[in-house]
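Readers should treat all values here as calculations from the given coordinates under stated rules, not as data from a laboratory. Computed from a predicted structure; not experimentally measured. We place every Cβ from the backbone using ideal geometry, glycine too, and count neighbours over all the protein chains shown.
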Amino acid sequence: MKKSWFCIGALIASPQVVFAQSSVTLYGLVTAGVTYVNNTGKGPLYETETCAPPGCNRWGLKGREDLGGGNAAIFTLENGFNIQNGRLGQGGTEFGRQAFVGLTNNYGTITLGRQYDSLSDTVGMFPSSNNFATGYGSHFGDLDNLNQSIRINNVIKYVSPVWNGLQVDGMFSLGGQAGDFSTNRVWALAGSYTAGPFAFAAGYLDINTPATNANGTGGVYASNGNYVGSLSNYVALQDANAMKVLSAGASYSIGNANVGLVYSHTLLKNSQYFVANGFANAGSGSDFKLDSYEVTATYHVTPALLVGGAYIYNAGKADYEGLKPTFQQINLGTNYSLSKRTSLFAVAVFQKAGGDGIAPVFNSAGANVGRTAIAEIAGAGVDSSSAKQVLVSVGITHAF
């Protein structure tokens, strides 16, 4: 009798052993609120679509299957959506945020599919836009992609294990166009280091023809959500032969406080911005460079209440007429946790454009008659009507 009960118990338990070796997790983030933007030319703008400090609305599936010998198969499918109308994000793609499969073991992780670049994986953890200021607090136009405005198709990525605090992250994206290996090609290499309260990361990102429509299967292209951008008036800056970004960031924690520094240098090779906007003698394009410097800090007033502030100085340089535009920005934010999964947030972003203005001025006939300094907060969706712009966003976030 005891033997019979033992056999029955073994039969019942055996499927549980099999299922314990694999798992699929449903996760997501749901956020909504109210966003105010001033100086839009037709009075202030109010909208209910917003992004929280952890990011924008999403849901996804993560899976893992143990293969034995320390090996495992993994996958991630992540969808972005607009909570106000239910539409798909990222240009209507089903899994526009991430979609990849791979293998992992003690020697690292290899994944293939639509993914984030290695620079934003590592240095992207330091800017205020990825901590308390939301994507609205990005460096000018997110031209350095630290806030992941551009997601990459056809990626082969390797992430090493952590060796004494050091980790390496590298990726390559195939162009995918017959007879043209370079079009839409993307590669990146980055490394990070953590030692107690200190963290550091640095890396390089190289995107060939970032905004082209020529190849719908390449790493990046301008439609279907693979090139999403964060600009309106200045969006043509990224219509370039190449986009090259060098960036580094560091942070140090002292008790309840954390202070950080971020630097990025972006080169947009042969940008079509001045050509597309009808500037005189713009020729066939010219280089545009942007250096972004950020000082950021956060403080936990209580375990549930976080406050943060940051100052960003963006210094541009255009080969066209030697123009040097600047964009200064202040980010302020707070987050209050109601529970482990639900929180309230408030963010304020102030931007001031200065130096040599590069925004086009058009007459009633649509002809370019000059240039001026115009502020434009990343992701706000509307140009300022002056050199200043303020955005305030408040809302609620629930993670699952």
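Tabulated results
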| quantity | calculated |
| --- | --- |
| Charged-residue dipole, Cβ positions (Lys, Arg, Asp, Glu), the chain about Cα centre, Debye nearest 20 | 880 debye |
| Residues S364, S247, sorted so that the one with the fewest Cβ neighbours within 10 Å comes first | S364, S247 |
| Sequence of D117, D206 once ranked by neighbouring C-beta atoms within 10 Å, starting from the fewest | D206, D117 |
| Once the Cα gyration tensor of the chain is diagonalised, semi-axes √(5λ) in Å | 40, 25, 21 |
| Amide N proximity, segment 130-170 versus H265 label position 7 Å along Cα-to-Cβ, cut-off under 20 Å | 139-147 |
| Distance from segment 92-138 to segment 35-81 (C-alpha centre basis), Å | 10 Å |
| Segment 89-149 shape via C-alpha gyration tensor axes, a/c threshold 1.5 | oblate |
| Relative contact order computed over segment 24-399 (Cα-Cα under 8 Å; 6+ residues apart), in percent | 15 percent |
| Relative packing of peptides 39-52, 288-301 - highest average C-beta neighbours within 10 Å first | 288-301, 39-52 |
| Sequence ranges 337-347, 378-388, ranked by mean other-Cβ count within 10 angstrom, highest first | 378-388, 337-347 |
| For W187, W59, W163, order by how many other beta-carbon atoms lie within 10 Å, fewest first | W163, W59, W187 |
| Per-peptide average of other Cβ atoms within 10 Å, ordering 60-72, 316-328 highest first | 316-328, 60-72 |
| Members of K62/K244; K42/K269; K42/K388; K269/K324; K289/K388; K62/K340 lying beyond 25 Å, as alpha-carbon distances in this model show | K62/K244; K42/K269 |
